[in-house]
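Colleague: Submitted below is the structure of interest, expressed as structure tokens.
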Amino acid sequence: MQITIRLFAGLAEAIGSSAIRFPINETSVTAGELKALLSASYPAAASQIQVSMVAVDREYAPEDTVITGQSEVALIPPVSGGEPTSSEAESADGRFRITESPLNGEAMLDKVLGADHGASLLFVGTTREMTAGVRTSALHYEAYIPMALDKLQEIGDNVSRQWDARCAIAHRIGLVGLKEASVIIAVSAAHRDVCYEASRYAIEELKKSVPIWKKDIGESGETWLGADPHAAAYPTERNGHQ
């Protein structure tokens, strides 16, 4: 069988394509076996393949997950901010968005306000110019859009269950200049302490689990953040949302 595998960020650059058709001699393969086969076929990208996660049908897949020829497969590098895309996506209720357009904080806040809520909070993550003495001129965001939107909705569902709060999240893709917003998270709840807790949870979970990548564009060149297999953990706080 042949499996179509979508690739993102520095991994796509290392292999030279945003998608590959990969032949398998068996009728199925596990996620762990697929990574091993890919590493052998693309030795120059092996270190990046090994630190990446496999997504099957838009869900992160443990190594023993069985993949068939009908599976939707993607290899997810450490998330930090792909393939270039002009696509956008929005949930049916408009509370979760992946977009190339500038973000509107008031519009996002309006989606979560309720008569029974006495507190609301708006978190805005922006591109900053200087980080540890290194100058950034812009960030470029790319995403596995269908899965990213699903994960944003999962975050919103968790906020609702855990804090009885409402949450809306919008994230930019494409080029985001200095002082421009890359992510906006709006939360409303009955009390302010709940808003703070839910907002912190939302941004931290976004940074951990949503397949969005960012490339730092600056005086030292262009670098995919979080894509270095030798870096400690997933360094998502190099620039952009904090």
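Colleague: Expressed in nm to one decimal, what extension gain is obtained for the pair V66 and S47 from 0.36 nm per residue of sequence separation less their Cα-Cα distance?
Modeller: Working: separation 19, 0.36 × 19 = 6.84 nm, distance 2.26 nm.
Taking 0.36 nm per residue and subtracting the Cα distance, the gain is 4.6 nm.
Colleague: Can you send over the carbon and sulfur percentage of the accessible area for the chain, probe radius 1.4 Å, protein chains only? Write down the numbers at each step before the final one.
Modeller: Numbers: 5410 of 11150 Å².
Answer for the chain is 49 percent, counting heavy atoms of protein chains only.
Colleague: Right, something else. Only Cα pairs under 8 Å and at least 6 apart count here; give the relative contact order of the range 160-225 as a rounded whole percent.
Modeller: Numbers: 60 pairs, mean separation 15.3, N = 66.
Relative contact order here is 23 percent.
Colleague: How compact and how long is the range 159-211, expressed as Rg and Dmax of its alpha-carbon atoms in Å?
Modeller: When restricted to the Cα atoms of the range 159-211, Rg and Dmax are 12.4, 36 Å.
Colleague: Taking a probe of 1.4 Å, how large is the accessible area per residue of the range 6-162, in Å²?
Modeller: Numbers: 7410 Å² over 157 residues.
With the other protein chains kept in place, the range 6-162 gives 47 Å² per residue.
Colleague: For A89 and K179 in the same chain, what is the full-extension length gain: residue separation times 0.36 nm, less their Cα-Cα distance, in nm? If you can, show how the numbers build up before the last one.
Modeller: Working: separation 90, 0.36 × 90 = 32.40 nm, distance 2.36 nm.
Gain on extension, A89 to K179, equals 30.0 nm.
Colleague: What label, among (i) 8, 36, 41, 15, 0; (ii) 7, 33, 40, 18, 2, 0; (iii) 8, 31, 32, 21, 8, 1, belongs to P(r) over Cα pairs in 10 Å bins from 0, in percent computed from the structure on display?
Modeller: (iii)
Colleague: Pop a pseudo-label 7 angstrom from the Cα along the beta-carbon direction at both S160 and A115 and give the gap in nm to one decimal.
Modeller: 2.0 nm
The values are calculated or read from the model by the stated rules, or taken from the named source; none is laboratory data. Quantities reported herein were computed from a predicted structural model and do not represent experimental measurements. So basically every Cβ, Gly included, is an ideal-geometry build from the backbone, and we count neighbours across all protein chains shown. Just the protein is used for accessible areas: all its heavy atoms, side chains included, with ligands, DNA and RNA removed. Shrake-Rupley method; radii C 1.70, N 1.55, O 1.52, S 1.80 Å.
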